[in-house]
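Enquirer: Once you've had a glance at the structure underneath, I'll fire off some questions.
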Amino acid sequence: MATIKLSEDKIQIIKDICASFGNRSGEVINVLHGVQGQFGYLPAEVQQVVAHELHMPVSKVYGIVSFYSFFTMVPKGEHPINVCLGTACYVRGAEKVLDALKRELKIEIGECTPDGKFSLNCLRCVGACGLAPVAMVGEKVYGRLTPDQVPAMLAEYR
Amino acid sequence: MSKYNTHVLICGGTGCKSSNSGQIYENFKTILGEHNLTDEVQVIKTGCFGFCEKGPIVKIMPDNTFYTNVTPEDVRNIVEEHIVKGRKVSSLLYVNPENNEHVSDSRHMEFYKKQVRIALRNCGFVDPENIEESIARGGYEALGKCLTEMTPEQVIAEIKASGLRGRGGAGFPTGLKWELCAKNKADQKYVICNADEGDPGAFMDRSILEGDPNSIVEAMAICGYAIGATKGLVYIRAEYPLAIDRLKIAIEQAREYGLLGENIMGSGFDFDIELRYGAGAFVCGEETALIHSMEGQRGEPTLKPPFPAVSGYLGKPSNVNNVETFANVPVIIIKGAEWFSSIGTEKSKGTKVFALAGQINNVGLIEVPMGITLREIIYEIGGGIKGGREFKAVQTGGPSGGCLTKKHLDTPIDYDSLVAAGSMMGSGGMVVMDETSCMPAIAKFYLEFTCEESCGKCTPCRVGNKRMLEILDKITRGESTMDDLQALRNLAGVIKDSALCGLGQTSPNPILSTMDNFWDEYVEHVVDKKCRAGVCKKLMSYVIDREKCIGCGKCAKGCPAEAIAKTDYTAPGHKLPSMEIHGETCIKCGACINNCKFGAISVQ
């Protein structure tokens, strides 16, 4: 694993979050939620600090980070794009929208554009099935999408 | 104190919020302010009305006018016409597709006529962020009745007699579950609410939590009283920020009103609720996996027994129920087991909430009595198939369920009949498909999901599902043989019998049910290398009809793969040579078809 290269104040933020949950190993999921909320992702260095503070092996922390899909070790783009691949969106053509996004951004699922502007991910059900197929850019929901609307949608953020 | 004579109810569910209902709310506030009506008209953001297809929805009470597809710009019109002058804005009313008549009252809409709302009783009626509104509609009355008039044994007996079964999918009798937990003596017990809704295409629990969080708080307290627990935990998906916020508000307000905390209503009973956040793992819907996740571990299931009722959260007896199950509890206490069990079928009592979605006209959240047929749901409530196309299949139970077909349309829906038909109730996702859906591809879609979500603990699920996915992939690429189909069936049977938990045991269901009901389609993929739905890309090719092509070149310009080029053939009557698509470079995105104004391109 990487040696810790984080700045002192970042380490302090992590320590504070751990302390707010009483440094209990049983709270590790809540701690990771808090830390990812601050940094956007959970790189190896961050996991090491968390493990140290909660007195548990780094392998356990990594096991949890890699188990749950909400946690990520890859930084997200400035405008994270999430395409809903719930069943309702799937049968209404979400895959075609996803293909169009991959083509436009020239990245695959889970990747980030080289300029750090967009990252592309899938999720399962936004809960707006009436608007299927749905994609989210940041917090904004785009409904009833067709592949040819994709360039215009991206243009809003370019 | 203001005396309101009119109430504006605006849907604040996820679907309507996504189409800007927040701005509609703000506009109502501003424009009512301009007309000095803020003391007479109350504006409330409610939970989901259910009719998501026509969202955002605005309802005006007391005359029960139901406005659909409202935009923020429409608000001025509604205020000035309807509220000030008393004239309904007909352009925003629902139009009955059969006779093109405007329907202003939701009670007369086909979508609502056959519904019976028990779990969703308050969704769309109350402001979920205000406990007083819940109390005004009978909230916490059931808790009061339990604490003052009933013993814990009587509460359990009532729930048992009602015939309520777990709404999370498996349908275990709720009263029995409570009784098992109540019998175990311990210094601490837990009531756990499973709000980790991970089924893709299902949003029932989320809508209940967003629309009526107080009923869950109340039901958990009732459960705590019945089984002797003083602590409640809600395991909720971190991806549901709105539901989390509203639940937190409800818990906070309940504490202020003395409905949670110590000595509730002076009865000596203590109960409080905390939240625990899930982090996106489908397997955590399984109760042992959920408990491990709450303890801060990987959400892997363990063998039962021991059941959570004996050894659950932190090794203490715990009772896990789903959100929708809890939502039924207060009504059963107030109206009685006899009333509840009069609804539904012999073995499945009450109602079930479904998230109706897919290729159907009326997408939305519906609650129907058990025993209703699929035909009634799809053609009456759902308004039939989108675009007048043909019904092909309906998928229930998500990745654990199966696809039902035309021959099942008149099957009464309950736990047992769905299992008999090769599917299952599941948590309530119901996705309708038409002829544009390819069944092997749907099976593959679900298996991709299961493979991604398999926790990896047991071999049948971790390795077996992967192997099945590989075979399905071969089928959809047209590279399989009939032996592969046999292998797929065998493997499915083995996984069903040998996987550790519910996720693995049910993961072959989408494959088995589509093979049973759509065998021809599998054979077509294998033998004829054809996909009749036009979904499997490897099995289709885009072709330009050179007689119809006028050679404008618009297809080539829009082709992202530069797979289209000019030929040296000019069709009679046309000036330019026609175009052709090169199969090897074509990525089958379909952009050319959309660009061609002359209908010269088709899929074969």
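The values are calculated or read from the model by the stated rules, or taken from the named source; none is laboratory data. For clarity, every value in this text was computed on a predicted model and none was experimentally measured. With ideal geometry, Cβ positions are generated from the backbone for all residues, glycine too; neighbour counts draw on all protein chains shown.
Enquirer: From the residues in region B:335-363 that are of a type in the set (D, E, K, R) and assigned to a strand (DSSP E or B), which one is farthest from residue B:392 (Cα to Cα)?
Expert: Going through the qualifying residues, I end up with B:349.
Enquirer: Among the residues of region B:416-436, how many are touching a Lys or Arg at 6+ places or on another chain (Cβ under 9 Å), at the interface with chain A (Cβ under 10 Å from one of its Cβ atoms) and crowded, with 22+ Cβ neighbours inside 10 Å?
Expert: 2
Enquirer: Are any of the residues in region B:161-182 over 27 Å from the mean Cα position of the chain (by Cα), surrounded by fewer than 24 Cβ atoms within 10 Å (Cβ to Cβ), at pLDDT 95 or above and closer than 15 Å to residue B:224 by Cβ?
Expert: Yes - at least one qualifying residue is present in region B:161-182.
Enquirer: Please determine whether any residue of region B:184-198 is at pLDDT below 95, under 21 Å from residue B:276 (Cα atoms) and surrounded by fewer than 24 Cβ atoms within 10 Å (Cβ to Cβ).
Expert: yes
Enquirer: Could you give me the residue pairs with C-beta distances under 7 Å whose first residue belongs to region B:10-21 and is under 17 Å from residue B:366 (Cα atoms) and more than 9 Å from chain A (Cβ to nearest Cβ), whose second residue is of a type in the set (A, V, I, L, M, F, W, C) and crowded, with 24+ Cβ neighbours inside 10 Å wherever it lies, and which are 6+ apart or on separate chains?
Expert: Correct list of pairs: B:11/B:48; B:11/B:49; B:11/B:57.
Enquirer: Within region A:22-36, take every residue that is of a type in the set (A, V, I, L, M, F, W, C) and facing chain B (nearest Cβ under 10 Å) and give me the one that is surrounded by the most Cβ atoms within 10 Å (Cβ to Cβ).
Expert: That would be A:29.
Enquirer: Right, another one. Determine which member of the set B:437, B:427 is touching an Asp or Glu at 6+ places or on another chain (Cβ under 9 Å) and part of a loop (DSSP other than H, G, I, E, B).
Expert: The unique qualifying residue is B:427.
Enquirer: Out of the strands (runs of 3 or more DSSP E) lying entirely within region B:515-589, which hold 1 or more residues that are basic (Lys, Arg)?
Expert: B:564-566
Enquirer: Of (1) outside any helix (DSSP H, G or I); (2) without any contact (Cβ under 8 Å) to a residue 60 or more places away in the chain; (3) within 22 Å of residue B:396 (Cα to Cα), residue B:489 satisfies all except one. Which?
Expert: Of the numbered conditions (1) outside any helix (DSSP H, G or I); (2) without any contact (Cβ under 8 Å) to a residue 60 or more places away in the chain; (3) within 22 Å of residue B:396 (Cα to Cα), the odd one out for residue B:489 is (1).
Enquirer: Consider residue B:229 carefully, then state whether it is touching a residue at least 40 places away in the same chain (Cβ under 8 Å) and either among the β-branched types (Val, Ile, Thr) or part of a helix (DSSP H, G or I) (or both).
Expert: No, not satisfied.
Enquirer: Could you please find all residues in region B:236-267 being more than 11 Å from residue B:213 (Cβ to Cβ), in a strand (DSSP E or B) and under 18 Å from the mean Cα position of the chain (by Cα)?
Expert: B:237
Enquirer: Something else now. For region A:89-102, state whether one or more residues are more than 11 Å from every other protein chain (Cβ to nearest Cβ) and surrounded by fewer than 18 Cβ atoms within 10 Å (Cβ to Cβ).
Expert: Scanning region A:89-102, I find no residue that is more than 11 Å from every other protein chain (Cβ to nearest Cβ) and surrounded by fewer than 18 Cβ atoms within 10 Å (Cβ to Cβ), so the answer is no.
Enquirer: Specify the residue that is surrounded by the fewest Cβ atoms within 10 Å (Cβ to Cβ); the eligible residues are those in region B:268-289 that are part of a strand (DSSP E or B) and in contact with a Leu (Cβ under 9 Å, 6 or more places away or on another chain).
Expert: So, considering only residues that are part of a strand (DSSP E or B) and in contact with a Leu (Cβ under 9 Å, 6 or more places away or on another chain), the one surrounded by the fewest Cβ atoms within 10 Å (Cβ to Cβ) is B:274.
Enquirer: Can you name the residue in region B:75-106 that is touching a helix residue (DSSP H, G or I) at 6+ places or on another chain (Cβ under 6 Å) and in contact (Cβ under 8 Å) with a residue 40 or more places away in the chain and, of all such residues, is nearest to the other protein chains (Cβ to nearest Cβ)?
Expert: B:106
Enquirer: Follow-up. Only residues in region B:335-357 that are within 14 Å of chain A (Cβ to nearest Cβ) and closer than 15 Å to residue B:377 by Cα count as the first member; pair them with residues that are assigned to a strand (DSSP E or B) and of a type in the set (Asp, Glu), Cβ under 7 angstrom, at least 6 apart or cross-chain, and list the lot.
Expert: B:353/B:367
Enquirer: Mind telling me which of the residues B:527, B:494 ends up being in contact (Cβ under 8 Å) with a residue 40 or more places away in the chain and surrounded by fewer than 21 Cβ atoms within 10 Å (Cβ to Cβ)?
Expert: B:527
Enquirer: Does any residue of region B:322-330 turn out to be surrounded by fewer than 21 Cβ atoms within 10 Å (Cβ to Cβ), more than 10 Å from every other protein chain (Cβ to nearest Cβ), assigned to a helix (DSSP H, G or I) and small (Gly, Ala, Ser)?
Expert: no
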